[in-house]
Amino acid sequence: MNFLKKSPWILHYDASSCNGCDIEVLACLTPIYDVERLGIINTGNPKHADILLITGAINAQNQSVVQTLYEQMPAPKVVVAIGACALSGGIFSQCYNLHQGVDSTIPVDIYVPGCAARPEAIIDGVLQAVACFNQKQTIRSNQKRTSHGIKLDSHH
Amino acid sequence: MFSEFIQNPVHLMSFLVLFPFFSAMLLAWMKGSFWQSWIVRWSSLLLMLTSLLLAFQTSWRPHLFFILPHLHWITTLGDLIITLFLFWIFLKKGTRKELWILSLLIFQTIILLYTDWVLGLKTTPFPFYLDSFSIIMILIIGVIGGLICIYAIPYMKTYHNHHPHLPDHRRRFFFLFFLFLSAMTGIVISNDLSWLLLFWEITTLCCFLLIGYADDAEARKNAFLALGYNLIGSLGIVITLWILAEMHQKPSLTHIISLGKLGAILGLLAAALLALAGLAKSAQLPFSSWLTGAMVAPTPVSALLHSSTMVNAGVFLILKLAPIFHAHIALGESLSFIGGITFLISSIIALNQSNIKRMLAYSTISNLGLIVACAGIGTPEAIWAAIFLIIFHAIAKALLFQTVGTVEHQIGSRDIETMDGLWIRHRGLTLALILGTLGMFLVPFGMLISKWACLQTFIHSSPILALLLVFGSAPTLFFWSKWMGKLISPPSTPSEITLDSSLVSKDTWFSIGMLMILTLVACFLFPAISHFWVDPYLGLTMSSLGPWTLHHPLFLWVTLILLLILPAGFFFLAPSYKTVTPYLCGLNIPATTSNAQFQGSLGQIHTVQIRNYYLTSYFKEKSLLKIGQVLGIIFLLIMILINFHHWKLSTPFLPPPVWNSNSPSWLHLGMVALLFFISAPILGALLTGFDRIVTARIQNRYGPPLLQPFYDILKLWNKQTSVVNPMQIFYVWGFVLFMLLTGFIFFSGESLLLVIFSMMLGSLFLTLAAFSTPSPYSHLGAERELIQMMAYEPLLLLTALGMDLSTGSFQIQTIATSHYPLLYQLPGFFLGFLMLLTIKLRKSPFDLSTSHHGHQELVKGLTTEFSGSLLALIEIGHWYENIILLGILCLFILHWPWEILLTVLTFLFIFEILIDNTYARFTWEKTLQTAWIVAALFGGSNLLFLFYYHSINVRP
């Protein structure tokens, strides 16, 4: 049984969001939505997390930060982009400093649209992300079988 | 002829005094560094071998007196020469400020001459003796002193290379070293007080000249300070001689002890005055500043003063007089209070020190305080503990000082903050430092065995001393662990990465290596040492034997073997892992991976600076030292003046507890281990699941399923394990294994103290795991964890002490089968333990180091740098820990029917969760303050009440 389904831990990163989506992400933790009943925990630490939630578009300053955080997450991991800006840059897409959506920098698995995305949509996105894990786990175990050294390099 | 010589202990004995003296003369005369190092090396080896030979020769006949031809004039002549020499030094180097020392010297000489020439001392029939205790001391002086001499050869060479402006007085230096060893051997075999005084003055003189070796203003000032304080001490011996001469008594130690035991005021007063001499020599509280000042001397001098000579002379003399202190409570208690207060205050002051040599110095003072406290109590168990403290302390301190000295020459600094990453820069030396540190305070090693014995003794003779010990050992844990953390953490700047290991010479390695082996061997062989040397001495002086519980050190050996196997296992069964950069909010600079650098908001590059806590805003060295000195002087005066009021108190001693000697079978132990191994994580996980549901309900949420912790662990186990430093894996496994061992010890009904010590060892591994990464969050978490450990350790130890007072045993088997629920007698401890549980379960307001509720970087602290299976292991280890703690909680109420027991436990657990959800997090200052106040108030008052309750109603 894959226990990733039962306990997806989240790292939430605010790229250059207007804070609208961030508030909706935090709303998921409140008693009304209570994501902990699905085993979801907001860890605030890439090394503990399985899912990277990103709100807002990637800009010149935070691109390397997003890359580093993604690097530091242990495999298997999935990325969920939340809100119009994270998908494509949204209303900021014409800004001089912007790299558009999250997939300009790291591979994104699930896209959650909305401005701001509703908590129900965010929770649904996370649960769909969980479904991706099965696939990723298989890739990882294949990789494990082929490498025998001490150091396992990052999978991508 | 030769075989006759080596079979006669008296010959060997005289050889051990005269041979170093001869070597000293030869060294003073010989020129040329080749011959110098040749003589030092071979004389030291010969000295070590002879002392070992003597120890084996005499292990079968533990007590010898021997006569010397009437050589009384030598002592008078020797004293006069020393006095004249000191006068000469004063004329050359003394200043106005040191006039008090001069007047002390004059006063002392006048009394001595009056006693000698006008009154005339009686002759002692046996001026020298040899018993097992002297032999232990001779072994320490010969073996450890010899090793330090060998170490000094390369050290002094480098020292003069580093300080080219200093004149090279190496001839004088080595002359003084060997003279010192000769005089120390003299002290431990002198029965006649005038001989004792001569040797005593020689050590003072050597110490004075060695401290002043550098001959600058600071060295001179500190040398004179050491001289002054030690002269106050020797005034005690001189006055004793004078009083004895006035009363026409023999000036011999054995005579004084027999007088004192009978309760003659003369004997008691002499004991108090001699104790004064011992206190000054071993740097106890009003006198402590000379030993910290002595740090200006080259490191081999510190090693010599702290481990094998000087300070040991003081505690040796005091321990010799222990039978008197045992017989006269008022005198003994005031002495042991001086020791206890010294122990507490100097271990707190050691927290403040960032200069490693000063930290070691305060640790020496505090350990000597413990020895003095034991001597003041004077029961056979206390003396047993004190002798072992002397042995283990000498080995560990010699090792630490030598290694620190070598490191100082390599990195050019004594500051703890500059020692980060030493593990990467120099493996061998770091290993030596870590072994020495472990030897000072952790479970399978020597010092802790003695501390354990101390706790067992103090609780039955003086509860206030037990409190002082409990509160004093918590800071010890903190300052040693944070130093260890610094040693194993990666270096902060890449330029410091390598050190040239070829600069450490063979002599240094020989000395350090021998001491490392000795540290381990002494731990394995302590029952043998106890059997051959310590027990015969106790049998002789107290007609009793040492504490029997410690004669079956099965679990200690298991711990030691596990500690040795663990690194081997780690290197042979290397797990797979991925190396990643430390967490710095994603701002890492990719090029630099070994050290933590990040990009600031304006683009500039910052290097992470991690400094330890020194708690200077909380404990202040100067004011604490003042308080200590005042208390020291008060108790010193009480100790001396009390004898004029010859109090005869009937002693409220408890009958010795009956130990449960039938050991459980191997099959039974195996079953217990297996049961704990499997059931504790399951139970722990269910409890955590329950906790999370209750928390959710309190917050008006639905919450996760009960089995959620299992899902989390199984998920983490299957994830990739990424580390910053592969050593993290080693430390985390250490944490889990020692928690497992702790549970095993607990459920097999062994000693509760051993459970606590072993648990501390486990927790230490967890902090080391966090220290071994360069992440600031992880370091901060580790430091806070150490502060938490310092906060709850007194509570934990007090709980054990309370249970012992109530049931008469530390054995969990006995505690669990008591006739009544312990809660009735230990309500204060119970409340204290609940507080401890809140800290240990990582519940708010005490979840400083890492929190289950954390959604921020700082709050994840300790666990920031762990992922995948390592995080799972930490969680599992934590579950084991929780089950052990709940087990201890159950001991309080074990006699109730199981339904009530379960209800009460559930209620308490829900209460903890409620507190968790209703309190905001405290600062570390507040945590420390609250925990210590609760420990002192609830634990302390309950302890005192129980002690006096039991001393009125003798336990059935």
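Assorted remarks:
- Where helices (runs of 4 or more DSSP H) fall entirely within segment B:839-930, those with at least 1 residues that are within 14 Å of another protein chain (Cβ to nearest Cβ) and under 21 Å from B:Ala791 (Cβ atoms) are at B:857-860, B:868-892.
- Subset of segment B:699-732 (residues that are farther than 13 Å from B:Ser772 by Cβ and in a helix (DSSP H, G or I)): B:Gln708, B:Pro709, B:Phe710, B:Tyr711, B:Asp712, B:Ile713, B:Leu714, B:Lys715, B:Leu716, B:Trp717, B:Asn718
- Lone unmet requirement of (1) open to solvent by 30 Å² or more (accessible area, probe 1.4 Å); (2) touching a residue at least 24 places away in the same chain (Cβ under 8 Å); (3) among the β-branched types (Val, Ile, Thr) for B:Thr864: (1)
- Segment B:685-723, residues that are hydrophobic (A, V, I, L, M, F, W, C), more than 9 Å from every other protein chain (Cβ to nearest Cβ) and open to solvent by 20 Å² or more (accessible area, probe 1.4 Å): B:Leu686, B:Leu687, B:Phe690, B:Ile693, B:Val694, B:Ile698, B:Leu706
- A:Ala15 meets all of the listed conditions (1) within 12 Å of chain B (Cβ to nearest Cβ); (2) under 21 Å from A:Lys136 (Cβ atoms); (3) in contact (Cβ under 8 Å) with a residue 12 or more places away in the chain but one, namely (2).
- For the condition within 19 Å of B:Trp38 (Cβ to Cβ) and open to solvent by less than 10 Å² (accessible area, probe 1.4 Å), B:Leu196 does not qualify.
- Test set (1) within 13 Å of another protein chain (Cβ to nearest Cβ); (2) modelled with pLDDT of 90 or more - A:Asn45 fails condition number: (2)
- Any hit, segment B:475-491, residues being charged (D, E, K, R) and open to solvent by 10 Å² or more (accessible area, probe 1.4 Å): no
- Matching residues, segment A:2-39, being of a type in the set (Lys, Arg) and surrounded by fewer than 19 Cβ atoms within 10 Å (Cβ to Cβ): A:Lys5, A:Arg37
- Looking only at residues of segment A:49-61 that are open to solvent by less than 10 Å² (accessible area, probe 1.4 Å) and closer than 30 Å to B:Leu602 by Cβ, we find that the one that is nearest to the other protein chains (Cβ to nearest Cβ) is A:Ala49.
- Every residue from segment B:98-125 that is touching a residue at least 24 places away in the same chain (Cβ under 8 Å), in a helix (DSSP H, G or I) and open to solvent by 60 Å² or more (accessible area, probe 1.4 Å): B:Trp100, B:Phe107, B:Tyr114
- Scanning segment B:932-944 for residues that are within 14 Å of B:Gln825 (Cβ to Cβ) and crowded, with 16+ Cβ neighbours inside 10 Å yields B:Phe938, B:Gly939, B:Asn942, B:Leu943.
- Scanning segment A:65-96 for residues that are in contact (Cβ under 8 Å) with a residue 12 or more places away in the chain, in a loop (DSSP other than H, G, I, E, B) and more than 14 Å from every other protein chain (Cβ to nearest Cβ) yields A:Gly89, A:Ser93, A:Cys95.
- Of the helices (runs of 4 or more DSSP H) contained entirely in segment B:228-341, those carrying at least 1 residues that are of a type in the set (Phe, Trp, Tyr) fall at B:289-293, B:311-320, B:322-327.
- Against the list (1) more than 14 Å from every other protein chain (Cβ to nearest Cβ); (2) over 20 Å from B:Pro444 (Cβ atoms); (3) surrounded by 20 or more Cβ atoms within 10 Å (Cβ to Cβ), the condition B:Leu768 fails is (2).
- Counting only helices (runs of 4 or more DSSP H) wholly contained in segment B:363-470, the ones carrying 1 or more residues that are among the acidic types (Asp, Glu) occupy B:380-411.
- Options A:Leu38, A:Leu29: the member that is within 24 Å of B:Leu707 (Cα to Cα), facing another protein chain (nearest Cβ under 9 Å) and touching a residue at least 40 places away in the same chain (Cβ under 8 Å): A:Leu38
- Condition met for B:Leu780 (among the aliphatic types (A, V, I, L, M) and open to solvent by 10 Å² or more (accessible area, probe 1.4 Å)): yes
- Taking first residues from segment B:157-169 that are at pLDDT 85 or above and partners that are not β-branched (Val, Ile, Thr), the Cβ contacts under 6 Å between residues at least 6 apart in sequence or on separate chains come to B:Thr158/B:His409; B:Tyr159/B:Pro298; B:His160/B:Asp168.
- Boolean, B:Leu737 is of a type in the set (A, V, I, L, M), within 44 Å of the chain's Cα centre (by Cα) and facing chain A (nearest Cβ under 7 Å): no
- Yes/no for B:Thr240 being crowded, with 24+ Cβ neighbours inside 10 Å, without any contact (Cβ under 8 Å) to a residue 60 or more places away in the chain and under 30 Å from B:Ile324 (Cα atoms): yes
- Subset of segment B:82-108 (residues that are among the aliphatic types (A, V, I, L, M) and within 38 Å of the chain's Cα centre (by Cα)): B:Ile82, B:Leu86, B:Ile89, B:Leu99, B:Ile101, B:Leu102, B:Leu104, B:Leu105
For every residue, the table says whether it meets (1) modelled with pLDDT under 90; (2) under 23 Å from B:Met247 (Cβ atoms); (3) open to solvent by less than 10 Å² (accessible area, probe 1.4 Å).
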| residue | (1), (2), (3) |
| --- | --- |
| B:Leu269 | yes, yes, no |
| B:Leu274 | no, yes, yes |
| B:Pro286 | yes, no, no |
| B:Ala294 | yes, no, yes |
| B:Val301 | no, no, yes |
| B:Ser307 | yes, no, yes |
| B:Gly314 | no, no, yes |
| B:Leu317 | no, yes, yes |
| B:Leu321 | no, yes, yes |
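The values are calculated or read from the model by the stated rules, or taken from the named source; none is laboratory data. Everything quoted here is computed from the prediction, not taken from an experiment. Note: ideal-geometry Cβ built from the backbone for every residue, glycine included; neighbour counts use all protein chains shown. Note: accessible area is taken over every heavy atom of the protein model, side chains too, but ligands, DNA and RNA are not part of it. Shrake-Rupley method; radii C 1.70, N 1.55, O 1.52, S 1.80 Å.
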